[in-house]
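The values are calculated or read from the model by the stated rules, or taken from the named source; none is laboratory data. Keep in mind that this is a model prediction, so the values were computed, not measured. Positions of Cβ are generated from backbone atoms using ideal geometry, with glycine treated the same way; all protein chains shown enter the neighbour counts. Keep in mind that these areas ignore ligands, DNA and RNA; they rest on the heavy atoms of the full protein, side chains included. Shrake-Rupley method; radii C 1.70, N 1.55, O 1.52, S 1.80 Å.
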There are 2 protein chains.
Amino acid sequence: MSDARSIDVEELAARVRDGQRAAVARAITLVESRRDDHRAAARELLALLTPHAGGAVRVGISGVPGVGKSTFIETLGTYLTGTDHKVGVLAVDPSSVRTGGSVLGDKTRMPELAADPRAYIRPSPSAGTLGGVARASTQAILVLEAAGFDVVLVETVGVGQSEVTVAGMVDTFLFLTLARTGDQLQGIKKGILEIADVIAVNKADGDREPEARVAAKDLAGAIRLVHAGGTGWVPPVLTCSGLEGVDVDTVWLRVLRHREFLGAAGLREKRAAQQLEFMWALVRDELDQRLRRSEAVRGVLDDVRAAVLSGEMPATNAADAILAAYDQR
Amino acid sequence: MSDARSIDVEELAARVRDGQRAAVARAITLVESRRDDHRAAARELLALLTPHAGGAVRVGISGVPGVGKSTFIETLGTYLTGTDHKVGVLAVDPSSVRTGGSVLGDKTRMPELAADPRAYIRPSPSAGTLGGVARASTQAILVLEAAGFDVVLVETVGVGQSEVTVAGMVDTFLFLTLARTGDQLQGIKKGILEIADVIAVNKADGDREPEARVAAKDLAGAIRLVHAGGTGWVPPVLTCSGLEGVDVDTVWLRVLRHREFLGAAGLREKRAAQQLEFMWALVRDELDQRLRRSEAVRGVLDDVRAAVLSGEMPATNAADAILAAYDQR
């Protein structure tokens, strides 16, 4: 990207609001940038766009590799653009940080949607940390909304904390899974049943349909147990086929029903709480980065860590040692 | 407690290792104290005791109020002291911070165990935060172990993060629940099925026994789903009656079996990872406290929070504003 001094933020904001794709791309690149001058420009841009954001149905979509996410999103996205929606697709993939490239959101995986003028697909940023990726993606949602996109799908893989992070930036979290033989379900990761608002057993097509129905029924039973005594919303478990386009619209109706359940006030409250939580997460992330960047901390860390791991040093003493090193900067 | 200068830490450590109850009580009071001079003495004490700690079976016990935790612990503890164990009971109750008093660990709830010379019961410290309570309790475990207690039971209620915190300081986490009519189980809180290693449906006595068995069977089915594709340990679901002493020993055998599953190396690894995680949690907790104590941050916080909640200010900008205030100290 060009020098920050050459960025006319007001003009960029106006072009984003006009829905110009090139401006949307440029704005997202700007909010993903970690350069200090870009950060200042991004802050300004977001201050201009935020009052016009918030208008989208924000949906997180997760599931292990092989569950058929791309095909599902391609089908769902095409269905939505065909019913007059403008659809943005973002990806949160912390693993892309390691590999340098991004698998998720790769346009070649969604050829039809990528060519659709009413859709905009953006691969995962490769910022330094999950916090960095989350920061960029949360801002990208605002950019897309200011540009008039009324549905934003945030795709993620079931890696570490990424699902919890995405759940913290969307209104509804959709979890895709698969049936498999036996009494177990594939791709149910610890904690996922706690954050999913809607669950769909995908690839319920051909021979696999009966199996998928049984899996959905079993899972629904487990869900009822997990959610006993909860807030009242019990995540529905559906079957669908992204490939054949069967019941993908039904899944979408359940997403909308979850929003109805929240209600306008509930949704406002949920988003406000998310923003506040995200604000603190960003602050903590920055303090954490400072600690890790501290040369004094790095100087003692190996010894302290070894002493803790061997059982010589209690964790409390180790924490004090690290803080003492940090403070002597 | 007396002035820190009058504490002979080496003598106190020797008396703790000798198993003297008064010394154990004094040492735990010392590690619970938040006074700076006490903190220094506690650090010294723990450095002396830690090489002699680690010998206990550390078990977390949780369940909603009314599940019968006290009676269960009374029965289990008495069974264990009767089979030649020395049993320490600690409590982690963040709600005691608010009420000023501590409900958990109250000796009058466990009259038999409280009078047992082979048992030591300690109520929850009322330190400022869950982090503070966790810090104190983790250190109290070390004190008890150095004093020769070979079983430490850490009791907690199902409030907020307390169960996750306790799970991070024990080898095995036991969750007590109740049957109730219908297809649901009482006291299953979000996330609890993810951290429980052993589950017992308590109050399986008299008329309630058949109901408890059905509940245990249903729950076992849900557990299998949640743990599909996990590490291999599927938490067993048992029934027991703390009141009548039925199958409490069986629950204990499952706790021991969980330890066998971990193996000596696995247990060492788990504890080392817990200590390292705890060290970072303590460091983060301290940085967080500093931020919250900062007058400059407090000066801007209300306005920033209001702007975020109303949707005027994006979270990223808010985080930057808070950090800017913090840095200008």
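Taking Lys and Arg as +1 and Asp and Glu as -1, the other residues whose beta-carbon sits under 9 Å from that of B:Ile61 total 0.
A cut-off under 15 angstrom between Cβ atoms defines the neighbours of B:Arg254, and their net charge, with Lys, Arg +1 and Asp, Glu -1, is -3.
Given R₀ = 45 Å, FRET efficiency for A:Ala47-A:Asp84 by Cβ-Cβ distance, to 0.05? Kindly include the intermediate steps, with their values, before the conclusion.
Numbers: r = 30 Å, r/R0 = 0.67.
Rounded to the nearest 0.05, the efficiency is 0.90.
Inter-copy label distances at A:Pro65, shortest first and taken from points set 7 Å along Cα to Cβ: 4.9 nm. A loss of 40 Å² or more of accessible area (1.4 Å probe, protein heavy atoms, ligands and nucleic acids excluded) relative to the isolated chain is seen in these residues of the stretch A:45-64: A:Thr50. Identify the residues of the stretch A:133-148 with backbone N under 17 Å of a label point that sits 7 angstrom from the Cα of A:Glu286 along the Cα-to-Cβ direction, or state none. The answer is A:133-139. The Cα center of the stretch A:40-89 and the Cα center of the stretch B:256-329 differ in position by 29 Å.
Scanning chain B for GluC sites (Glu not before Pro) in DSSP loops with at most 15 neighbouring Cβ atoms within 10 Å leaves B:1-243 as the longest stretch between them. Here A:Arg257 yields copy-to-copy label distances, from shortest upward, of 4.0 nm, the label point defined as 7 Å from Cα along Cα to C-beta. Highest mobility in the GNM of chain A, judged by mean-square fluctuation with C-alpha springs under 10 Å and restricted to A:Arg135, A:Arg39, A:Arg292, is found for A:Arg292.
Taking every DSSP bridge with both residues inside the protein assembly as shown, close to 10 percent are antiparallel. Each label point was placed 7 Å from the Cα along the Cα-to-Cβ direction; for A:Asp303 and B:Leu253 their separation is 5.0 nm. Within the shell defined by Cβ-Cβ distances under 10 Å, the residues around A:Val9 carry a net charge of -3, with Lys and Arg each +1 and Asp and Glu each -1.
Pairs of Cα atoms nearer than 8 Å and 6+ residues apart set the relative contact order; for chain B it is 17 percent.
The other copies place their B:Glu10 label points at 7.5 nm from this one, listed shortest first, where each point is 7 Å from Cα along Cα→Cβ.
Within the listed set B:Gly263, B:Gly311, B:Gly55, the residue fluctuating most in the Gaussian network model of chain B (springs between alpha-carbon atoms under 10 angstrom) is B:Gly311.
Quick check: at a probe of 1.4 Å, how many percent of the accessible area of chain B sits on carbon and sulfur atoms? If you can, show how the numbers build up before the last one.
Details: 6960 of 13690 Å².
Roughly 51 percent of what the probe reaches on chain B is carbon or sulfur.
Separation of the alpha carbons by more than 28 angstrom is noted, of A:Lys69/A:Lys217; A:Lys217/B:Lys217; B:Lys69/B:Lys217; B:Lys86/B:Lys270; A:Lys217/B:Lys69, for A:Lys217/B:Lys69.
Can you compute the helix-only [θ] at 222 nm over chain B? Use -39500 (n - 2.57) per DSSP H run of at least 4 residues, normalise by all residues, nearest 500 deg cm²/dmol. Please list the in-between numbers first.
On the way: 13 runs with 178 residues, N = 329.
Per the formula, -17500 deg cm²/dmol.
Nearest 100 Å² is fine: what is the total accessible surface buried where chains B and A meet, probe 1.4 Å?
Working: alone 16320 and 16350 Å², together 27430 Å².
In total, this chain pair buries about 5200 Å².
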